[in-house]
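Worksheet: the structure to be examined is printed underneath.
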Amino acid sequence: MIDATRVAVGIDVGGTFTDLAALHDDGTVHTTKVLSVPADRAQGVLEALTAARLPPERLAHIAHGTTVVTNLLLERRGAPVVACATQGFTDLLELRRQERAALYDLAQHHVAPLVSPGQVISVPERLAPEGVITPLSDDAIAQVVNDALARATATRAETIAITLLHAYGDPQHEARLATALRHTIAERGLALDVVTSHEVLPEIREYERMATTVAEAYARPAVRRYLAGLSGRLAVKGFPAPRVMTSAGGTLEAHDAAQHAAALALSGPAGGVTGAAAIAAALGVSRALTIDIGGTSADVGLIFDGEPLVERGGGVAGIPIALPRVLVEAVAAGGGSVAWLDDGGALRAGPESAGASPGPAAYDRGGTRPTVTDAHVVLGTIAAGEWSGGVRISHERAVAAVATVAAPLGVSVERAAEAIISTADAIMARALRRVSVERGVDPRGLPLIAFGGGGPLHACGLAERLGMREVIVPPHAGVLSAVGLALAPERRERLTSCVATAESLSDEALASLLTTAARELGQGDGALEPRWWLRARYVGQGYELDVPVQPGDAVTAVVERFVERHRQRAGFILDRAVEFISARTTLSSTPWPVRFTRPARDGELPDGIDDGRAMDRSLVGPAVVRLPDATMRVAPGWTARALAIGGWHLEMA
């Protein structure tokens, strides 16, 4: 039983704002918003805690969503890496999948690999599905160790990544080489880490496995330093070390997260979908689209069968990271996205953002270029005056900025502002279609859960573009990602290779595979609940679907489950054998309890904005509602009704 005096804290560090949510066991939620500190993300965390005035002794935990890994990959500021690969396969990162960067753009190139060809050491060994073809000799190990350490010294590398062919099924060669490297590193007193692919991603597909392993090696030193520094600065003020949200939607203690850097690549956006899933559960909604519109980007997700949809694959900044992740499609269309005219005179929005400094022109902090936020201020959907986070909105500054694109277009400032918002909406609507339609989900029958500082402003327009008739604006909409972080469970995760056809796998072997994985992961603590999924596909397919499974399930039942899921997602089934690729095992704690209740001030109708049609906590559009940490627009033809849990339900007439 959780002590009612204890508080769970979630802190989401965004490009413009750092949001904090404090969840009390009695259902009370306190929120705080401060401007981010781009040069020092940890400082933003400390400033949010200071502003919230939370006594350190009352904190049960601090959950942190971080963009450290994303920024490292985008800006190429990770640690130098030396890689070791099977002889004849050292060029995997250059060959990729032999597909174009853009199908119809011959001038576009793939991003460069994180490791240059000269940093890849050839290892004379070869495994095949039928066994060892070329043994890894002791002499070969000694030579590879010497070459790798010499290369690391010359290039000041901080990590060595080992990816040998078929190590997902038989890691003996990788393990022997890693042991020799670690022994020699310790003997020489070197500050080097060794990362192996069978520990990072024990799955088929050598390119994705090598790319993910190298990404782990590239990001791990910086993640370790960041989390150690943040933990130390928190400790000075009496706060506990943070838990860190993973891409898959659970949290890890800081010392564990430092060893799973690649799993943090989508740490920040995962919190928002987790929070939206909690809102959906409170309302009895099993499927929904979600959109989190912040200052720099919009993150789109899908809630499927009551939970955030978790998939494997995807990438960040052109680098494949094939680990499980909450499905989030990020597009560069947020409140701070800069509006500009291209060479042909067409209006664009993003990808450049004004960020926290200088921010939109309306913030009156030195920004002069027009942004989506400025367009809303011009139209009056964002009110001028004081806002949370120490921001004061200037209508005059916004008008002056939008006028810089209105004049060349030959239109009024108001018409230019409408066009800026419409352009941003088009970008976000395409992302919503990709997340839903490409997965066999018809968005027209789903509600759209809109949050973040800009989500409730754009929700009606986006829903209309997709033919959706319902919108849910949750309580604490502007900081829902922080709420999701605070209530997310602690979760350990393990992938286990199990390439086998369903016909060749017995019920007993399946049960043994699952229970062994849970035991090796650390099952035995009664507070952690195990769950399992199998990655399955028809023989010959190039993609898999995750199917939930239990140790007592018959293999035939799992196959039937896969076939039904394939019918849902792809719209067809095949008369073909089914095979399993890998098993995913998680051990999760119970999510922090939260009972959503209507916050005080959950919807003011500011003077000069509301048109007076508020009727018993319901509104008929057009109307604008100023929420505690966001603004909601009710479009013409829409009706908004206040929810008992807080927030609003919008429906098209």
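State whether the range 497-541 is rounded, prolate or oblate according to the following rule on the C-alpha gyration tensor (a ≥ b ≥ c being the square roots of its eigenvalues): a/c under 1.5 gives rounded; otherwise a/b larger than b/c gives prolate, and the remaining case gives oblate.
Prolate.
Could the peptides 363-373, 546-556 be put in order, highest first, of the mean number of other beta-carbon atoms found within 10 Å of their residues?
Working: 363-373: 22.5, 546-556: 16.5.
The peptides rank, most packed first, as 363-373, 546-556.
Pairs of Cα atoms under 8 Å, at least six residues apart: use those to get the relative contact order of the range 366-485, whole percent. It would help to have the intermediate numbers written out before the result.
On the way: 146 pairs, mean separation 23.7, N = 120.
Relative contact order of the range 366-485: 20 percent.
Under a point-charge model restricted to the Cβ atoms of Lys and Arg (+1) and Asp and Glu (-1), what is the dipole moment magnitude of the chain relative to its Cα centre, in debye to the nearest 20?
That gives the chain a dipole magnitude of about 800 debye.
Taking Rg and Dmax of the Cα atoms in Å straight from the coordinates, which label in (1) 26.7, 94; (2) 25.6, 83; (3) 26.6, 106 is the correct one?
Among (1) 26.7, 94; (2) 25.6, 83; (3) 26.6, 106, the one calculated here is (2).
Would you mind calculating the relative contact order of the chain from Cα pairs under 8 angstrom and at least 6 residues apart, reporting the percent as a whole number?
Numbers: 1525 pairs, mean separation 85.9, N = 653.
For the chain, the relative contact order is 13 percent.
About its Cα centre, how strong a charge dipole does the range 75-195 have in debye, to the nearest 20, once Lys and Arg get +1 and Asp and Glu get -1 at the Cβ? Show your work: numbers first, answer last.
On the way: 11 positive and 15 negative charges, 68 e Å.
Charge dipole, the range 75-195, about its Cα centre: 320 debye, nearest 20.
Cα gyration tensor of the range 370-459, axes a ≥ b ≥ c as square roots of the eigenvalues: rounded (a/c below 1.5), prolate (a/b > b/c) or oblate?
On the way: a/c = 3.39, a/b = 1.63, b/c = 2.08.
Judged from the Cα gyration tensor, the range 370-459 comes out oblate (a/c at least 1.5, b/c at or above a/b).
Run the helix sum for the chain: -39,500 (n - 2.57) per DSSP H stretch of 4+ residues, divided by residue count, reported at 222 nm to the nearest 500 deg cm²/dmol.
That comes out to -10500 deg cm²/dmol.
As a test question: what accessible area, to the nearest 10 Å², does residue 423 have when a 1.4 Å probe is rolled over all protein chains in place?
Probe radius 1.4 Å; accessible area of residue 423 about 40 Å².
Going through the range 51-153, which GluC sites (Glu not before Pro) have at most 11 other Cβ atoms within 10 Å and a DSSP loop state?
Numbers: sites: 57, 75, 94, 99, 125, 130; in loops: 99, 125, 130.
Within the range 51-153, the qualifying GluC sites (Glu not before Pro) (loop, at most 11 other Cβ atoms within 10 Å) are 99, 130.
How would the range 233-341 be classified by its alpha-carbon gyration tensor: rounded, prolate or oblate, with rounded meaning a/c under 1.5 and the a/b versus b/c comparison settling the rest?
Working: a/c = 1.43, a/b = 1.19, b/c = 1.20.
Rounded.
For the range 92-200, what does the relative contact order come out to in percent, with C-alpha contacts under 8 Å and a separation of six or more? Don't jump to the answer; show the numbers that get you there.
On the way: 103 pairs, mean separation 23.2, N = 109.
Reported as a whole number, the value is 21 percent.
Quick one: which residues, 5 or more positions from residue 84 or on another chain, have an amide H under 5 Å from its amide H? H modelled 1.01 Å from N in the peptide plane, none for Pro or chain starts.
121, 161, 162, 163
Please list, by residue number, everything in the range 83-108 whose backbone N is under 13 Å from a paramagnetic label point 7 Å out along Cα→Cβ of residue 434.
It comes to 102-103, nothing else.
Per residue of the range 194-205, in order, report the coupling 6.51 cos²θ - 1.76 cosθ + 1.60 (Karplus, θ = phi - 60°) as ³J(HN,Hα) in whole Hz, putting x for Gly and Pro.
10, 10, 10, 5, 6, 8, 7, 8, x, 9, 5, 5
By Kyte-Doolittle mean hydropathy of at least 0.0 and Cα axial length of at least 18 Å, which whole DSSP H helices of the chain are selected?
Values: long enough: 138-155 (26 Å, 0.23); 172-188 (24 Å, -0.74); 206-236 (44 Å, -0.10); 267-283 (25 Å, 1.20); 395-409 (21 Å, 0.91); 413-436 (35 Å, 0.39); 507-521 (21 Å, 0.35); 555-570 (22 Å, -0.57).
Helices meeting the span and hydropathy rule in the chain are 138-155, 267-283, 395-409, 413-436, 507-521.
Give me, ordered by chain and number, the residues 5 or more places off residue 63 or on other chains with an amide H under 5 Å from its own placed amide H.
Close amide H contacts, sequence-distant or interchain: 9, 10, 11, 243.
Expressed in nm to one decimal, what extension gain is obtained for the pair residue 364 and residue 106 from 0.36 nm per residue of sequence separation less their Cα-Cα distance?
Working: separation 258, 0.36 × 258 = 92.88 nm, distance 4.25 nm.
Fully extending the segment from residue 364 to residue 106 adds 88.6 nm.
The values are calculated or read from the model by the stated rules, or taken from the named source; none is laboratory data. These numbers were taken from a predicted model, which means no experiment stands behind them. Reconstructed Cβ throughout: ideal geometry from the backbone, glycine too, with neighbour counts over all protein chains shown. We work out accessible area using only protein heavy atoms, side chains counted, and drop any ligands, DNA or RNA first. Shrake-Rupley method; radii C 1.70, N 1.55, O 1.52, S 1.80 Å.
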